[in-house]
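The values are calculated or read from the model by the stated rules, or taken from the named source; none is laboratory data. Note that this is a predicted model, so its numbers are computed, not measured. Because the Cβ atoms are built from the backbone with ideal geometry, glycine has one as well, and the counts that use them run over all protein chains shown.
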């Protein structure tokens, strides 16, 4: 998505609220393919305290993504 001030803070606060631990995080901004506007990418490795909380995490991230107009993908580490 386009770079938005405060997005790392909003994602981090949401994760903390859900009791999710951030193990690592990496942020990058690259020129977009069509407009050249900076596209922001945040990749995190997180630990969810209990398996049953993954559903709540998915729902909360989907809500945040919709509210902020950003794409959020959650996938297990293999």
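Tabulated results
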| read-out | value |
| --- | --- |
| Residue list for segment 1-20, restricted to those being over 15 Å from residue 65 (Cα atoms) and within 13 Å of the chain's Cα centre (by Cα) | 16, 20 |
| Every residue from segment 35-76 that is closer than 15 Å to residue 10 by Cα and assigned to a loop (DSSP other than H, G, I, E, B) | 69, 70, 71, 72 |
| Residue that is farthest from the chain's Cα centre (by Cα), among those in segment 41-51 that are over 16 Å from residue 17 (Cα atoms) and either loosely packed, with under 11 Cβ neighbours inside 10 Å or modelled with pLDDT under 85 (or both) | 51 |
| Residue that is modelled with pLDDT of 85 or more and surrounded by 11 or more Cβ atoms within 10 Å (Cβ to Cβ), where the choices are 66, 32, 6, 19 | 19 |
